[in-house]
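Reviewing the structure listed below.
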Amino acid sequence: MTRIRIEKIVKQFGETRAIDDVTLEVRPGELFTLVGPSGCGKTTLLRIIAGLLEQDAGSVHFNEDRMDDVPPYLRNIGVVFQSYAIFPHLTVADNIAYGLKARNVAPDKIASKVAEASRLVQLDELLGRMPGQLSGGQQQRVVLARALVIEPRLLLMDEPLSNLDAKLRVQIRSLIRSVQQALQITTIYVTHDQEEALAISDTIAVMDRGRVLQLGKPWELYLRPANRFVADFIGTMNVFSGRIEEPGPIPGEQTVVMSFGTRWHVCTAEASGTVISLGVRPESLMLEGGGSGGESWNSLTGKITEAAYLGAVVRYQMRMADGLTITADIHNPDFSAIRSVGDELTLWFAAGRVVTLRGETGDA
């Protein structure tokens with residue numbers, strides 16, 4: 001298995017610094033995802049790793065080998081791009097075999113390797129079809145099989161599901177994850193879809209303006225975002241401001257007077273007098289307060305402006321007295337108790353579910 005080490009990579013396009021001193025390490029056999037908005041630098045970084053683009057500074061290592069001067073065709077990388085790039089005049093089998101033929105692999109070995117790769121991606125019954133006879137999901141599986149059949153040391157995937165509809169995206173991302181785990185192949189995956197990133201990744205790097213703002217496990221980024229940008233990009237976060245006044249009723253808690261006058265208890269180490277931003281996820285808000293259980297509870301009240309019944313969840317949009325709009329997700333709702341637009345509603349949440357947020361890039 002291959003370990004990827006990226007050290008102090010810089011890439012400039014004119015006056016724009018697309019990659020700004022990025023250092024990362026991808027562990028052998030993990031699925032590592034670069035996620036961020038369009039233009040954040042994630043595809044540029046992927047192309048540098050592939051050798052398709054030369055960095056202005058820094059280095060790329062595969063295990064102990066420095067790859068900066070190694071051409072793409074000698075890096076032994078499987079690449080899946082956003083566009084399928086399937087040859088329309090070749091059968092599924094011949095499309096999968098293309099890389100093997102380019103490497104002058106013996107015909108008998110090509111047949112066995114194509115058969116193995118097609119089984120892996122559930123295409124073994126479609127090898128004789130032409131690309132025009134395939135669905136979008138089937139075409140994406142052809143591309144994946146073609147990337148894997150050469151037995152690469154590293155798999156790079158750039159927005160591979162962006163051309164599929166929502167249901168197919170879920171199916172194919174599950175397939176990609178199961179194949180990656182079965183082969184234990186080191187994979188770097190690029191997407192702007194935070195749900196996709198959360199669903200399949202071992203590790204996620206959130207990027208913006210050429211920099212990595214936070215690196216961690218999916219649940220770490222979701223539950224403890226390092227700053228306001230990560231909190232807003234990974235999921236939905238209600239953000240409030242307040243000032244720490246005094247220690248809370250329980251050790252480790254502080255009492256915060258919010259901008260709208262309510263007093264909350266939060267778990268933070270910030271000093272008294274500090275003005276802070278606080279984040280609360282929509283699913284942390286509940287219709288009733290918790291029991292004692294050694295934890296403080298907070299509340300907020302507002303008027304419902306939207307109410308959407310989504311089956312397992314009711315999503316309320318509420319406007320508070322100071323004009324702030326918040327989102328609340330109530331899971332497993334009682335259908336008969338669903339509130340209506342215009343109703344006043346009080347929601348509760350535990351002190352431990354409040355996140356202290358720093359600035360856009362992690363600065364206080």
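No lab work stands behind these numbers, since they all come straight from the coordinates. Just so it is clear, the structure is predicted and the values come from calculations on it, not from any experiment. Cβ coordinates were reconstructed from backbone atoms using ideal geometry, including for glycine residues, and neighbour counts include every protein chain displayed.
See the values below:
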item: Whether the stretch 236-355 is rounded, prolate or oblate, judged on the alpha carbon gyration tensor where a/c under 1.5 counts as rounded; result: prolate
item: Value of relative contact order over the stretch 94-230, rounded to a whole percent, pairs C-alpha under 8 Å and six or more apart; result: 18
item: Candidates Thr274, Thr43, Thr23: whichever shows maximal mean-square fluctuation once the chain is modelled as a Gaussian network with Cα springs under 10 Å; result: Thr274
item: Likely footprinting exposure, Asp124, Asp165, fewest C-beta neighbours within 10 Å first; result: Asp165, Asp124
item: Structure-derived Kirkwood radius over Cα pairs in Å - corresponding label in (i) 23.2; (ii) 24.3; (iii) 20.7; result: (i)
item: Dipole of the chain [Lys/Arg +1, Asp/Glu -1 at C-beta], most positive-end residue of Leu310, Leu100, Ser135; result: Leu100
item: Kirkwood estimate for the stretch 201-270, i.e. one over the average of 1/r between Cα atoms, Å; result: 13.9
item: Fraction of beta bridges assigned by DSSP in the stretch 241-364 that are antiparallel (%, nearest 5); result: 100
item: Whole-angstrom gap from the stretch 108-131 to the stretch 164-219, using each part's C-alpha centre; result: 25
item: Net charge over other residues, Cβ less than 10 angstrom from the Cβ of Ser277 (K, R count +1; D, E count -1); result: +2
item: Order of Cys40, Cys267 - criterion: other Cβ atoms within 10 Å of each residue's Cβ, fewest first; result: Cys267, Cys40
item: Most mobile of Val114, Val313, Val179 in a GNM of the chain (Cα contacts under 10 Å); result: Val313
item: Rounded to 5, the percent of DSSP beta bridges in the chain classed as antiparallel; result: 80
item: Test item: Cα-centred dipole of the stretch 4-232, Lys/Arg +1 and Asp/Glu -1 on Cβ, debye; result: 320
item: Environment charge of Val313, counting only residues whose C-beta is closer than 11 Å and scoring Lys/Arg +1, Asp/Glu -1; result: -1
item: The stretch 23-69 and the stretch 256-324: distance between their alpha carbon centers, rounded to Å; result: 40
item: Counted charge near Gln180, where neighbours are those whose Cβ lies closer than 10 Å (Asp, Glu -1; Lys, Arg +1); result: -1
item: Mean residue ellipticity (222 nm) of the chain, computed from DSSP H runs ≥ 4 via -39,500 (n - 2.57), nearest 500; result: -7000 deg cm²/dmol
item: Normalised contact order of the chain, rounded percent, pairs of Cα under 8 Å and 6 or more residues apart; result: 16
item: Packing-based ranking, highest mean first, of 216-227, 99-110 given that Cβ atoms within 10 Å are counted; result: 216-227, 99-110
item: Least to most buried among Ser241, Ser272 (fewest other Cβ within 10 Å first); result: Ser272, Ser241
item: Stretchable slack from Glu270 to Thr16, in nm (0.36 nm times residue separation minus alpha-carbon distance); result: 87.8 nm
